[in-house]
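J.: Let me begin by handing over the structure; questions about it come next.
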Amino acid sequence: MTLDESGGLRRRCAAFAALVAALAVLVCTAGLVAWPHYVRILDGNLPVTSVPGRASQVGLLIAGLALWLRRVPTAAVGERDVRRYLGPLLGAVVFLIGLVAFMGPRVFTAAGFGQDTPMGANSALVLCLLGMALLMLDTTTRRGLRPAEAMAVLMALITLAALFGYAYRVGELYTIRDSYPMVPRTAILGFLLALAVLCARPSAGLMALATSTSFGGTLLRRLLPASMLMLFAMGWLRLESERRGMYSAELGVAVFTLANITVFTLLVWWSARTMQRLELERDASEERHRKAVALNQLIMANSLDVLCVVDDGGRFIKVSSAARKQWGYAPAELIGRPYADLVHPDDQDRTAEVASSIMSGQPAVGFTNRFIRKDGGVIWLDWSATWSRTANLMFSVARDATERLQVAETLRQSADELARSNHELESFAYSVSHDLRAPLRHIDGYARMLEEDGGDRLDGELRRYLDEIGASARRMGRLIDDLLAFSRLSRQALNRFKVDMRALVDSALSEVSASHPLAATVAVGPLPNVAADPALLKQVWTNLLTNAIKYSGKLGADARVEVTGQTDGTTVRYQVRDNGVGFDMRYVDKLFQVFQRLHLQDEFEGTGVGLAIVQRIVSRHGGRVWAEGELGRGATFTFELPIAGEQPEGNMA
Amino acid sequence: MSQPRVDILLVEDSVADAEMTLRTLKRQGVVNSVEWVRDGVEAVEYLYREGKFADRDPGMPKLVLLDLKMPRMDGLQVLARMREDERTKAVPVVMMTSSREEGDVLASYTLGVNSYVVKPVDFSEFAERVVQVGLYWMMANQSIG
C-alpha cells in the first residue's frame, strides 16, 4: 500500500471538479435563458418564493467556465495557451461581481444590475471567495498553505449553513440580517463548486491527505462524510420531533446525545477495526520486506561474483562485497561512480555498445570485458546483465573470467603443441619408413641374386634360409607400407560424395578376390547409400572383406560371407559377417589396435594394421565400428556412419 | 675413343640399388650400354660434357633413370635443369625412387618427368619394373632422333 496507488482516486477527484464546472455552466445558462419567465422546475416547491438573481447566476456561470479552463494545473499548460490567462481572468471577474454585490443595493444598482433581484450578502461573499479561489488556484504560500483551499472551506461553510437553514427551517442561516436570502440553487451550486475547487488539485495541500491511501487518508474519507451526515440527520430528526411536540426539549437533548454516542461509538469502532486490519496488513508486508532486505543483504555479502546495480546514467547504486576481492574496491568507494571508470580503455566502445543493447531490453549473457582493478591490475570479467524497465536500473553480475581464459589459453597452447608434435612425429615416421625400405630392398635383392648366381652350389636347407631372408624383408616392407598408409589417413582431407554403396562393395570385392583365392560364397544384401569419402570407404570394405575371406578360407566351399546394411534413424549401419575361425571376445579390445593380431603369422598372413585403418576411417566420418565373434563360429564387423555428412571431422587419436 | 652410344644414364647414389638395376638391365638384354653416375652434380656434368665428362661422346642418352634423394644435388634439381636446357629438354626422364610422398610425385610431374616409378622392396617386383621401364622407353617408345 503506497501513496502512489492513490492515482485512481485523484483522477476521479479531478473528473468530479470538471463535472461540477460543466454542471454550473449548464444550470446557470438554463436559469438565465428562463429568466425572467422564472420556471419552478429548477427549484421545486421550496419555502422561498424568490428566484436566484441574474447577477449570481452570471457569476456562477463564469466561475464554472473558469474552473473548466483551470482544471489542468497551470504548470502543465503551454506558455502561450489562452487558458493560462483566461482562467484567472474569469476568476477575477467573478470576484468583482461578488464585490459589487457585497457593497450593498446602491452600488449594485449603480453597477447596472438595477432591475435585477438584489443579491444577498452571503451569496456575494460566496462569489467573492469563489472568484479569489479560482484566481489563486495554483498559488501556494511560502509555508506551503494554499489560500484557495481556505476560501473553498469558508465557501463550503457559508453554503452549508444556508442549506442547513432550509433543511432545519431556520431563516437566519440563509438570510444575513435583512438582506436578500441565498436561494437553495445558489447554495447547492456554491457548495458543489467549493468541493470542486478542492478536488481540482487533488494532490496539493489538504487534499493530498484526503486522497492519499495512507491510514490518515482512509480515516478521513470514512469518518468525515459519515459523521457529517449522521450529525445532520440526527439534528434534523430532533428538531422536527420537537416541533411536532413528540417530546420535551430535555428528552430531546438526552435522546440526541444518546443517539450521538451510539452512532459515534459504532463509527469509531468501525474505523478502529479498519485501522487494525490495515496495520496488520502493513506489519505483514513490512515483515516480508524486512526478510527480503535481509536476504538481499545476505546475497550481497556472500556472493562470490560481484552483484551490482547501475542507474540509467551508468553509475553504481549498489555493489556487493565481492568487489573488494575481485576489483580491489570497497563497495562504498564505488557508489555514485560511473562503471565506465573501471572499464579497460580498449573495451570502452564494446562495453558501451552492449550496455545500450541491454537498456533496450536485450539481456546480455556471456559478455566478456576487462576491468582495471584499484591496484592497476587488469581483470577479465564474464557478465550477465538485465535492464529493469520498472526500476529503470541495470542489474548485473560479474564473474572473474581470468582463470577460465587462462585455462582456455593453456588448452589452446597445448593443443597447438600437440598438433605440432603430432605433425613432426608423422613426418619423422614417414621419412624413416622411406629410409627403411631401401636396405630391405637390398636384403631381398642380394638374397635373390645369391640364389640366382649360386643356387646350384647350395643345398636345400641353405636355399630355404635364403628364401626366409627374402620373405622376412618383404614382410617388413609390407608392414612399412601399411604403416605409411595408416599415418597418411590422418593427413588426408575427407572428400565426401554420395556413394553408391553397392557399386563400391562390388568393386572392393573384385579387388579382394583378385589377390585372395576366393573360396567363400559372398552374399551382398541391399545397402543404403550415404555421403562419404569413396576412396577411404572402399579401403574399409576391402579390409573387412579381406579379413572375412581370409579367416573363413579354411572352410573351403562352406565358407559364407554376408554383407548387409540398414538405415537406423540418423545413421546407416553396415555389417560383414563370416562363419570363419572367429575370435575370443576377451581380446576384442585389441582388435582395432595397430600391429595387434589374434593369430599367428604362419596361420593367417597379415600386418595387424587393416582394422586400425578401418577404425580410423570410420571415426573420421563421425561413425563407429565394433566387432562381435566367437571362437570357431565366425565374426561380425559392424560400422555405423551418420547420415548428415556435415559433422566436424573427429580428431585422430 | 669412339665409344658406343650410351642408351641409359643411371643416376643413383646407392651402390646396391645401382648394382641391382644394372644387373637386371644387362641380364634381360634390354640395353647395350648404361652409364652410372653417383649424384646430381655428376649427372649434370655428364649431360653437358663438363668436368671429367668433357671428352665424352657428344650423343645424349635415350633415357635418364633418376633417383630422387641424392647428396649434393637431388633428382628434382637435375630434372629442373634438364627441362630448362634446349639440349636435354626432350630427353625422357624416369624418376625411380622409394618415395610415395605426394609432394614428390607432384613436383616431378610439374617439372616435366615422363614417368614416376616407386621402387618395391620385393626384388622380383623391382626387377620386373626396371625391365618394363627399360623395354618401354628403349623399344616401344618412338624417341626423337
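J.: Of the residues that sit in region A:384-426 and are over 30 Å from A:LYS325 (Cα atoms) and of a type in the set (S, T, N, Q), which one is modelled with the highest pLDDT?
T.: Filtering region A:384-426 for residues that are over 30 Å from A:LYS325 (Cα atoms) and of a type in the set (S, T, N, Q), the one modelled with the highest pLDDT comes out as A:SER414.
J.: Take the residues of region A:315-335 that are in a helix (DSSP H, G or I) and hydrophobic (A, V, I, L, M, F, W, C): which is surrounded by the most Cβ atoms within 10 Å (Cβ to Cβ)?
T.: Taking the candidates together, the pick is A:ALA323.
J.: Could you check region B:22-40 and list, in sequence order, the residues that are at pLDDT 90 or above and among the β-branched types (Val, Ile, Thr)?
T.: Matches in region B:22-40: B:VAL37 only.
J.: Among A:ARG457, A:ARG463, which is away from every other protein chain (no Cβ under 14 Å), loosely packed, with under 13 Cβ neighbours inside 10 Å and either more than 20 Å from B:PHE123 (Cα to Cα) or in contact (Cβ under 8 Å) with a residue 12 or more places away in the chain (or both)?
T.: Working: A:ARG463 fails: loosely packed, with under 13 Cβ neighbours inside 10 Å.
Result of the check over A:ARG457, A:ARG463: A:ARG457.
J.: Could you tell me whether A:VAL618 is out of contact with any helix residue (DSSP H, G or I) (no Cβ under 6 Å at 6 or more places or on another chain) and buried (at least 16 other Cβ atoms within 10 Å of the Cβ)? Spell out how you get there, then give the answer.
T.: On the way: out of contact with any helix residue (DSSP H, G or I) (no Cβ under 6 Å at 6 or more places or on another chain): yes; buried (at least 16 other Cβ atoms within 10 Å of the Cβ): yes.
Spelling it out, A:VAL618 is indeed out of contact with any helix residue (DSSP H, G or I) (no Cβ under 6 Å at 6 or more places or on another chain) and buried (at least 16 other Cβ atoms within 10 Å of the Cβ).
J.: For region A:585-606, indicate whether the set of residues that are modelled with pLDDT of 90 or more and surrounded by 15 or more Cβ atoms within 10 Å (Cβ to Cβ) is non-empty.
T.: no
J.: Restricting attention to region A:142-158, does a residue exist that is under 15 Å from A:GLY205 (Cβ atoms), charged (D, E, K, R) and surrounded by 17 or more Cβ atoms within 10 Å (Cβ to Cβ)?
T.: Looking through region A:142-158, at least one residue is under 15 Å from A:GLY205 (Cβ atoms), charged (D, E, K, R) and surrounded by 17 or more Cβ atoms within 10 Å (Cβ to Cβ).
J.: Residue by residue through region B:26-57, note down the ones that are assigned to a helix (DSSP H, G or I) and more than 14 Å from chain A (Cβ to nearest Cβ).
T.: B:GLY40, B:VAL41, B:GLU42, B:ALA43, B:VAL44, B:GLU45, B:TYR46, B:LEU47, B:GLY51, B:LYS52, B:PHE53 - these are the residues of region B:26-57 that are assigned to a helix (DSSP H, G or I) and more than 14 Å from chain A (Cβ to nearest Cβ).
J.: Under 6 Å by Cβ, and 6 or more places apart or on different chains, what pairs join a residue from region A:19-32 that is modelled with pLDDT under 90 with one that is assigned to a helix (DSSP H, G or I)?
T.: The qualifying pairs are A:CYS28/A:GLN57; A:CYS28/A:LEU60; A:CYS28/A:LEU61; A:GLY31/A:GLN57; A:LEU32/A:GLN57.
J.: Sticking with this structure for a sec: Against the conditions (1) more than 14 Å from chain B (Cβ to nearest Cβ); (2) touching a residue at least 60 places away in the same chain (Cβ under 8 Å), where does A:VAL505 fall short? Just the number, please.
T.: (2)
J.: Report every pair of residues separated by at least 6 positions or lying on different chains whose Cβ atoms are under 8 Å apart, first residue within region A:429-441 and facing chain B (nearest Cβ under 7 Å), second among the β-branched types (Val, Ile, Thr) and surrounded by 15 or more Cβ atoms within 10 Å (Cβ to Cβ).
T.: Sorted first by the residue in region A:429-441, then by its partner, the pairs are A:ARG437/A:ILE480; A:ARG437/B:VAL121; A:LEU440/A:ILE480; A:LEU440/B:VAL121; A:ARG441/B:VAL121.
J.: Within region B:99-145, which residues are at pLDDT 80 or above and either among the charged types (D, E, K, R) or assigned to a loop (DSSP other than H, G, I, E, B) (or both)?
T.: B:ASP104, B:LEU111, B:GLY112, B:VAL113, B:ASN114, B:LYS119, B:PRO120, B:VAL121, B:ASP122, B:GLU125, B:GLU128, B:ARG129
J.: Does at least one position in region A:543-559 carry a residue that is among the acidic types (Asp, Glu) and under 25 Å from A:GLY608 (Cβ atoms)?
T.: No: zero hits.
J.: Same structure again: Based on what the data block shows, is A:LEU600 under 18 Å from A:LEU631 (Cα atoms), hydrophobic (A, V, I, L, M, F, W, C), part of a loop (DSSP other than H, G, I, E, B) and out of contact with any Phe, Trp or Tyr (no Cβ under 8 Å at 6 or more places or on another chain)?
T.: Taking the combined requirement at face value, the residue satisfies it.
J.: In region B:76-92, is there at least one residue being within 14 Å of another protein chain (Cβ to nearest Cβ), buried (at least 17 other Cβ atoms within 10 Å of the Cβ) and among the aliphatic types (A, V, I, L, M)?
T.: Scanning region B:76-92 turns up no residue that is within 14 Å of another protein chain (Cβ to nearest Cβ), buried (at least 17 other Cβ atoms within 10 Å of the Cβ) and among the aliphatic types (A, V, I, L, M).
J.: What's the number of the only condition in (1) crowded, with 18+ Cβ neighbours inside 10 Å; (2) under 17 Å from A:GLY314 (Cβ atoms) that A:SER388 fails to meet?
T.: For A:SER388, the exception is condition (1).
J.: Hey, another quick one. Please identify the pairs in which a residue from region A:298-325 that is touching a residue at least 40 places away in the same chain (Cβ under 8 Å) has its Cβ atom under 7 Å from the Cβ atom of a residue that is of a type in the set (Phe, Trp, Tyr), counting only partners at least 6 apart or on another chain.
T.: Correct list of pairs: A:VAL306/A:TRP327; A:CYS308/A:PHE316; A:VAL309/A:PHE395; A:VAL310/A:PHE316; A:VAL310/A:TYR339; A:GLY314/A:TYR339.
J.: Could you list all residues from region B:96-132 that are more than 14 Å from chain A (Cβ to nearest Cβ) and closer than 30 Å to A:SER487 by Cα?
T.: Correct list: B:LEU106, B:ALA107, B:SER108, B:TYR109, B:THR110, B:LEU111, B:GLY112, B:VAL113, B:ASN114, B:SER115, B:TYR116.
J.: A follow-up question, please. Filter region A:466-487 down to the residues that are away from every other protein chain (no Cβ under 11 Å) and either within 60 Å of the chain's Cα centre (by Cα) or at pLDDT below 85 (or both) and list them by number.
T.: Passing the criteria: A:ASP482, A:LEU483, A:PHE486, A:SER487.
The values are calculated or read from the model by the stated rules, or taken from the named source; none is laboratory data. Keep in mind that what you see is a predicted model, and the values were worked out from it rather than measured. Note that each Cβ is placed from the backbone with ideal geometry, even for glycine, and that neighbours are counted across all protein chains shown.
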